[in-house]
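Report on the structure given below.
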């Protein structure tokens, strides 16, 4: 995302909005929670809430659910809502949460812009690491595709970051062919790291995160995304790497 910390977002410095959204991510957002996150009164928060929705930093999703009492009675009988029940008796519930643009702002690190030549050098070094990952048998995941999109594909002389859609594939088939349990392979890789993990989920996901960290190499300019984000955004992209080699 190309933005500076002093640039205004919904009338406020971008860094202030970023920090407030970080407090709201993963939560159901209301005018009240916006007031707390931004430290403003409810009147100002109401305007901020609607401005953030209009700018797509906050989005809404509609969920169909059964009325409370009906749901309680159903659960008491050990049942679960079915599609037919929801269609006939359900009511729409609107839930607000941090949307895609908000997540992009949350991930923004306000660093000095770089030249196009510097960006090209970063991509070249990144692609070297891609090949290294795919050549390391001990890693649990490989890179299958990389696409670049966003400001890198424009004529901009300087860039705030480089948007890369990276697709990883777990080596589950190879593990199972060798008679190994895939979950145990991932857990073993985590154990070999010598790290301590707060949750089982953190331990299970470590081997994939390990690959992403290696690819990023601590660069604040490389911004990783999932490939399906490109389809959702409908933006132009160029293939930098596919399993059999690099396309430049």
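The values are calculated or read from the model by the stated rules, or taken from the named source; none is laboratory data. Just so we're clear, the structure is a prediction, and the values are computed from it rather than from any experiment. Glycine also receives a Cβ, built like all others from the backbone with ideal geometry; neighbour counts cover every protein chain displayed.
Tabulated data
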{"quantity": "The range 49-59, subset in a helix (DSSP H, G or I) and touching a strand residue (DSSP E or B) at 6+ places or on another chain (Cβ under 8 Å), residue nearest to residue 14 (Cα to Cα)", "calculated": "52"}
{"quantity": "Residue match in the range 186-195 (condition: exposed (fewer than 14 other Cβ atoms within 10 Å of the Cβ), within 13 Å of residue 147 (Cα to Cα) and at pLDDT below 95)", "calculated": "no"}
{"quantity": "Flag for residue 117 being over 19 Å from the mean Cα position of the chain (by Cα), assigned to a helix (DSSP H, G or I) and loosely packed, with under 12 Cβ neighbours inside 10 Å", "calculated": "yes"}
{"quantity": "Residue match in the range 161-169 (condition: assigned to a loop (DSSP other than H, G, I, E, B), surrounded by fewer than 17 Cβ atoms within 10 Å (Cβ to Cβ) and in contact with a helix residue (DSSP H, G or I) (Cβ under 9 Å, 6 or more places away or on another chain))", "calculated": "no"}
{"quantity": "Subset of the range 206-240 that is without any contact (Cβ under 8 Å) to a residue 12 or more places away in the chain and not in a helix (DSSP H, G or I) - its residue that is farthest from residue 120 (Cα to Cα)", "calculated": "234"}
{"quantity": "Scope the range 13-25; condition touching a residue at least 12 places away in the same chain (Cβ under 8 Å) and not in a helix (DSSP H, G or I); matching residues", "calculated": "25"}
{"quantity": "Count of residues meeting criterion [under 19 Å from residue 48 (Cβ atoms) and surrounded by fewer than 18 Cβ atoms within 10 Å (Cβ to Cβ)] in the range 90-99", "calculated": "3"}
